[in-house]
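In what follows, a single structure is set out as structure tokens and then discussed.
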Amino acid sequence: MAEALSKTDDTCKHEPGIFAPVIDRARCEGKADCVVICPYEVFELDILPPEDRKGLGPLAKVKGFINGWKQSFAVNADACRACGLCVAACPEKAITLARVSNGD
């Protein structure tokens, strides 16, 4: 982990808590690329709760069912430093970074 952190120190653009990953539930297929690549342990895989499945379109519901409803969750979003590694690694392009604070 320390090696991964040292490699990303140059790519991290912000202090933690300014940006957070946003996961598109209709796109995420729980492949865990974000879990593996994130040096700050922002993500983990879990099962999408039934109440969160209701708003998904038909194709997203089929993909969710096939994948056992496994998806990525930003359980430690406050640790995100906006390096963008997760965005680049996601094969479904399901992750974006959104500003949550102006850094003041």
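How large a share of the accessible area of the chain, in percent, is made up of carbon and sulfur atoms when the probe is 1.4 Å and the other protein chains stay in place?
Details: 3440 of 6220 Å².
On the chain, the fraction of accessible area on carbon and sulfur atoms equals 55 percent.
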TODO: Counting only heavy atoms of the protein chains, get the accessible area per residue of the chain (1.4 Å probe) and round it to a whole Å² value.
DONE: 60 Å²
Open item on the list: For E41, what accessible surface area do you get with a 1.4 Å probe? Give it in Å², rounded to 10.
Closed with: 120 Å²
Task: Choice from L85, L45, L59 showing the highest fluctuation, given a GNM over the chain with Cα pairs closer than 10 Å - done: L59
TODO: Could you work out the relative contact order of the chain, using alpha carbon pairs under 8 angstrom and six or more residues apart, expressed as a whole percent?
DONE: 46 percent
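Per DSSP H run of at least 4 residues, take -39500 (n - 2.57); add these up for the chain, divide by its residues and hand me the 222 nm value, nearest 500 deg cm²/dmol.
Working: 5 runs with 30 residues, N = 104.
When only DSSP H runs of four or more count, the value is -6500 deg cm²/dmol.
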- [ ] Place +1 on the Cβ of every Lys and Arg and -1 on the Cβ of every Asp and Glu in the chain, take the dipole about the Cα centre, and give the residue among S72, V62, L97 whose Cα lies farthest towards its positive end.
- [x] V62
- [ ] Taking amide H positions as placed in the peptide plane 1.01 Å from N, state which residues far from F19 in sequence (5 or more) or on other chains have amide H under 5 Å from it.
- [x] V100
Task: Choice from I47, I18, I66 showing the highest fluctuation, given a GNM over the chain with Cα pairs closer than 10 Å - done: I66
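Please list V36, V75 from largest to smallest accessible area, probe radius 1.4 Å, with all protein chains kept in place. Write down the numbers at each step before the final one.
On the way: V36 125, V75 85 Å².
Per-residue accessible area, sorted high to low, gives V36, V75.
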Task: Label point distance in nm, T96-R53, each placed 7 Å from Cα along Cα→Cβ - done: 2.6 nm
Open item on the list: Quick check on the chain: what are the equivalent-ellipsoid semi-axes from the Cα gyration tensor, as sqrt(5λ), descending, whole Å?
Closed with: 26, 15, 10
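The values are calculated or read from the model by the stated rules, or taken from the named source; none is laboratory data. From a predicted model like this one, the values you see are computed outputs, not experimental measurements. Note that each Cβ is placed from the backbone with ideal geometry, even for glycine, and that neighbours are counted across all protein chains shown. Protein only, heavy atoms only, side chains kept; ligands, DNA and RNA dropped before computing areas. Shrake-Rupley method; radii C 1.70, N 1.55, O 1.52, S 1.80 Å.
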